[in-house]
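Taken together, the values in this text are just the output of simple stated rules run on the coordinates, not laboratory data. Since this is a predicted model, take the numbers as computed values, not measurements. Every residue, glycine as well, gets a Cβ built from its backbone with ideal geometry; the counts of neighbours run over all protein chains shown.
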Amino acid sequence: MHDAPMAVPVAESSEPELMAKADREVVSTHVLVEQEKVEKLRELSKRTRIAQSEYLREAVDDLLTKYDRKEED
């Protein structure tokens with residue numbers, strides 16, 4: 001049986017966008033992703049020095065924005 005996602009604390013920051021994120025509850029989740037995509041994401045992260053998790057959050061935001069716009073049509 002799987003446990004419910006648990007809240008993960010977000011570090012405090014002087015950046016306005018990060019502070020806004022800190023005001024929201026953040027949860028951990030797991031997804032299954034093809035090995036090739038995981039490797040490409042890992043390499044991108046190493047090359048750019050941007051955390052994989054940051055790329056994944058950006059992807060989720062983009063996806064939700066895309067489908068929110070479709071509902072408005």
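Search the range 35-57 for residues that are without any contact (Cβ under 8 Å) to a residue 12 or more places away in the chain and in a helix (DSSP H, G or I) and pair each with any residue that is surrounded by 10 or more Cβ atoms within 10 Å (Cβ to Cβ) and of a type in the set (K, R) when their beta-carbon atoms are under 8 Å apart and the residues are at least 6 apart or on different chains.
Q52/R42
Does at least one position in the range 41-59 carry a residue that is over 16 Å from the mean Cα position of the chain (by Cα), acidic (D, E) and exposed (fewer than 10 other Cβ atoms within 10 Å of the Cβ)?
Among the residues of the range 41-59, not one is over 16 Å from the mean Cα position of the chain (by Cα), acidic (D, E) and exposed (fewer than 10 other Cβ atoms within 10 Å of the Cβ), which makes the answer no.
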